[in-house]
Amino acid sequence: MSVSKEQVKHIANLARLKLSDEELEKYTNSLSDIVDFAESLNEVDVSNVEPTAHILKIQNVFRKDELKESFDREELFKNAPTKESGCISVPKVVE
Amino acid sequence: MDLYKLSLSEIAKKIKSKEVSIKDVLDSVYSRIEDVESKINAYVTLTKENAYKRAEILQIKLDAGEDIGVLGGVPIAIKDNICIKDVKTTCSSRMLQNFVPPYTATVVEKLENMGAIVLGKTNMDEFAMGSSTESSYIKKTCNPWDLSRVPGGSSGGSAASVSADMAYASLGSDTGGSIRQPASLCSVVGLKPTYGVVSRYGLVAFASSLDQIGPFSKTVEDAAIMLNAISGHDTMDSTSADIEYPDYTKSLVNDVNGFKIGIPTKFISEGLNPDVKKAYEESIELLKNKGAQIVEIDLDYAKYSLAVYYILATAEASSNLGRYDGIKYGYRTKDFDDLTDLYKKSRTEGFGAEVKRRIILGTYVLSSGYYDAYYKKAQQVRTLIINDFKKAYEKVDVIMVPTAPNTAFKFGEKTENPIEMYLEDIFTVPVNIAGLPGISIPCGFDSKNMPIGLQFIADAFEESKLLRVAYTYEQNTGFHKIKPEIK
């Protein structure tokens, strides 16, 4: 097993996911399988090879700083689960 | 005459010449949907009311002598990860089950400007993660050729809707094969354009360096018409290519004399279903007889594509899907203790099993201590895969490979072992890694009468070459004319 249950638990916490014991077992197994599968890349000599992020030869794409009509606030808030006084409401974050 | 059976170009002509009204066309397609949708389940949402309203407006314009566009009055379907204002866009996920976008994707705007009418939104693997559409939270889409088999994925609903004549064309998205593989399994044409040719503004992001929108259609001609409509630079997508776009219908030439077609024999020798192999070899013969030159090529690093893909795609996905926190939009859990608990429960309850698996894998390969070993290494091998293709295109016009190693499989057959499911994408994934255009077209049937697809891959921005070779193949075979008997 190339990935441990403890590691998966830690990763799930970083990704803000809760796993049941059964899921933890399942994901540890399949994650190990996939990671083992990915180990095939170790056969490849990548010294002096530049990494590719995407294939387009573009760097920064700028637009003119012009005023344009934007979204209607009410419309954007339509999908928010809870709202209060024209704001999206969230549970208390500071004591 | 059953209007729904016609191709996009045929119905567009009939509408333009006023041989039929747009309402007649809509009636025909929606009654077809009524007849077979209960068996296929291609659609998540139907936008019937809007469609008839648009039909009325377009007909008035047409009757007044106005030009209503090359897609004037033609009904099409849209994958449910492409936003349309005021129409639910679910990504086939519980997370977005009630999400109603406040804006419309550029591709849909472009199609509508050309006169197209949206029939509805199609089913998919949750967040486009899958190769069978089985990970949809909403419903199970069946393959029109055999209802006990999957339509492929992730754009399974878009492929099935065109295959079953429930739309003249549809849009899908392709991150690792999600247009070409279902097109192959359902016997329709599926085109994945070069990265940057079609704007992704309004497409729900999965893996941003790989995602691309493209059309499904009944014929290669229709694919060219659709590509004409949706391609082009868009200031709303900074990765959209600012180039001169050709008229793709000009490439519909039935001639491959002297055309050089590359065959990577070593790469495709493993794990290929014998029926697929036979159809592929027959296709080589046919094109050779039409004057094409068959050239042996090496794609030495292509075999690492899946490993590279599952590192890069999941890393990008884990980051893209970080936005689903239950705060601004999307699913929010009912009971929680504090903010962290709200995040965790909303994400845990809102995402399905495959999405969670990929988020965990992506988070793992990006986590401290593993970044160089996995993510950076995958990006370096990506460079080597791209170089392989570059070298090949010095010698050939297009590369030809099967679209998928197998034909449509049964429900549940590959859900237990994720790697088995991932292997279905072995011939499509390298194309996304290199950002190239690829097309899948029908090329025969296996012993169980399940469709087989043939894939052509061209160099970046060489869609014209793809369309020319695909058109020639199609015109000299006629597999696209064979339709499924839905039972």
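Kindly indicate the residue of the range B:308-321 that is at the interface with another protein chain (Cβ under 8 Å from one of its Cβ atoms) and modelled with pLDDT of 95 or more and also surrounded by the most Cβ atoms within 10 Å (Cβ to Cβ) among those meeting that condition.
Of everything passing the filter in the range B:308-321, B:Ile311 is surrounded by the most Cβ atoms within 10 Å (Cβ to Cβ).
Taking the range B:25-42, which residues are out of contact with any Lys or Arg (no Cβ under 7 Å at 6 or more places or on another chain) and surrounded by 17 or more Cβ atoms within 10 Å (Cβ to Cβ)?
B:Val25, B:Leu26, B:Ser28, B:Val29, B:Arg32, B:Ile33, B:Val36, B:Glu37, B:Ile40, B:Ala42
Please state which one of B:Lys53, B:Lys39 is more than 23 Å from the chain's Cα centre (by Cα) and either among the aliphatic types (A, V, I, L, M) or at pLDDT 95 or above (or both).
B:Lys53
What number of residues within the range B:446-477 are farther than 21 Å from B:Val398 by Cβ and over 22 Å from the mean Cα position of the chain (by Cα)?
Result for the range B:446-477: 4.
I need the full set of residues from the range B:217-249 which are among the charged types (D, E, K, R) and within 14 Å of another protein chain (Cβ to nearest Cβ), in order please. If you could, list the steps in order and put the result at the bottom.
In the first step, residues of the range B:217-249 are kept if they are among the charged types (D, E, K, R); the result is B:218, B:221-222, B:234, B:237, B:242, B:244, B:247.
Those that are among the charged types (D, E, K, R) and within 14 Å of another protein chain (Cβ to nearest Cβ): B:Asp234, B:Asp237, B:Asp242.
For the range B:337-367, name all the residues that are modelled with pLDDT of 95 or more, among the hydrophobic types (A, V, I, L, M, F, W, C) and farther than 17 Å from B:Thr314 by Cα.
B:Leu342
Residue check: is A:Glu69 more than 30 Å from B:Asp242 (Cα to Cα) and either more than 9 Å from every other protein chain (Cβ to nearest Cβ) or surrounded by 10 or more Cβ atoms within 10 Å (Cβ to Cβ) (or both)?
Taking the combined requirement at face value, the residue does not satisfy it.
So, in the range B:367-408, of the ones that are within 14 Å of chain A (Cβ to nearest Cβ), surrounded by fewer than 21 Cβ atoms within 10 Å (Cβ to Cβ) and among the aliphatic types (A, V, I, L, M), which residue ends up farthest from the chain's Cα centre (by Cα)?
The qualifying residue farthest from the chain's Cα centre (by Cα) is B:Ala373.
Pick from the range B:332-366 the residues that are among the hydroxyl-bearing types (Ser, Thr, Tyr) and touching a helix residue (DSSP H, G or I) at 6+ places or on another chain (Cβ under 9 Å): which of them is farthest from the other protein chains (Cβ to nearest Cβ)?
The qualifying residue farthest from the other protein chains (Cβ to nearest Cβ) is B:Thr333.
Determine, yes or no, whether B:Gly453 is in a strand (DSSP E or B), more than 14 Å from chain A (Cβ to nearest Cβ) and in contact with a Pro (Cβ under 7 Å, 6 or more places away or on another chain).
Yes; evaluated as a whole, the condition is true for this residue.
State the number of residues belonging to the range A:74-86 that are of a type outside the set (Asp, Glu), more than 7 Å from chain B (Cβ to nearest Cβ) and surrounded by 10 or more Cβ atoms within 10 Å (Cβ to Cβ).
The number of residues fulfilling the criteria is 3.
Specify which of the listed residues (A:Leu24, A:Leu41, A:Leu56, A:Leu17) is on the phi < 0 side of the Ramachandran plot, part of a helix (DSSP H, G or I) and facing chain B (nearest Cβ under 8 Å).
Only one candidate qualifies: A:Leu41.
How many residues are surrounded by fewer than 15 Cβ atoms within 10 Å (Cβ to Cβ), over 19 Å from B:Val469 (Cβ atoms) and without any contact (Cβ under 8 Å) to a residue 60 or more places away in the chain if we restrict to the range B:251-307?
4
Within the range B:66-83, can you find the residues that are touching a Lys or Arg at 6+ places or on another chain (Cβ under 8 Å) and surrounded by fewer than 24 Cβ atoms within 10 Å (Cβ to Cβ)?
Answer for the range B:66-83, where residues must be touching a Lys or Arg at 6+ places or on another chain (Cβ under 8 Å) and surrounded by fewer than 24 Cβ atoms within 10 Å (Cβ to Cβ): B:Ile68, B:Gly72.
Could you pull out the residue among B:Tyr422, B:Tyr473 that is closer than 19 Å to B:Ala207 by Cα, assigned to a helix (DSSP H, G or I), out of contact with any Gly (no Cβ under 8 Å at 6 or more places or on another chain) and aromatic (Phe, Trp, Tyr)?
So the residue among B:Tyr422, B:Tyr473 that is closer than 19 Å to B:Ala207 by Cα, assigned to a helix (DSSP H, G or I), out of contact with any Gly (no Cβ under 8 Å at 6 or more places or on another chain) and aromatic (Phe, Trp, Tyr) is B:Tyr422.
When you look at B:Gly444, is it on the phi > 0 side of the Ramachandran plot and out of contact with any His (no Cβ under 8 Å at 6 or more places or on another chain), yes or no?
In short, yes.
Output yes when any residue across the range B:286-301 is among the hydroxyl-bearing types (Ser, Thr, Tyr) and within 14 Å of another protein chain (Cβ to nearest Cβ), and no when none is.
Yes, the range B:286-301 has at least one match.
Kindly indicate the residue of the range B:54-65 that is crowded, with 18+ Cβ neighbours inside 10 Å and out of contact with any helix residue (DSSP H, G or I) (no Cβ under 7 Å at 6 or more places or on another chain) and also farthest from B:Glu109 (Cα to Cα) among those meeting that condition.
It comes out as B:Leu62.
Out of B:Leu210, B:Leu191, report the one residue that is at pLDDT 95 or above, under 13 Å from the mean Cα position of the chain (by Cα) and under 29 Å from B:Ile33 (Cα atoms). So that I can check it myself, show each step before the final result.
Details: B:Leu210 fails: under 29 Å from B:Ile33 (Cα atoms).
So the residue among B:Leu210, B:Leu191 that is at pLDDT 95 or above, under 13 Å from the mean Cα position of the chain (by Cα) and under 29 Å from B:Ile33 (Cα atoms) is B:Leu191.
Restricted to the range A:62-84, and to residues that are assigned to a loop (DSSP other than H, G, I, E, B) and acidic (Asp, Glu), which residue is nearest to B:Tyr103 (Cα to Cα)?
Checked the range A:62-84; the qualifying residue nearest to B:Tyr103 (Cα to Cα) is A:Asp72.
For the list (1) more than 7 Å from chain A (Cβ to nearest Cβ); (2) surrounded by 17 or more Cβ atoms within 10 Å (Cβ to Cβ); (3) farther than 15 Å from A:Ala12 by Cα; (4) not basic (Lys, Arg), I need the number of the one condition that B:Tyr329 fails.
B:Tyr329 satisfies every listed condition except (1).
Would you tally the residues in the range B:154-166 being under 16 Å from B:Ala404 (Cβ atoms) and in contact with a Pro (Cβ under 6 Å, 6 or more places away or on another chain)?
Residues meeting the conditions: 5.
The values are calculated or read from the model by the stated rules, or taken from the named source; none is laboratory data. What you see is a predicted model; the values in this text were computed from it and never measured. Counting neighbours? That spans all protein chains shown, and the Cβs are built from the backbone with ideal geometry, glycine included.
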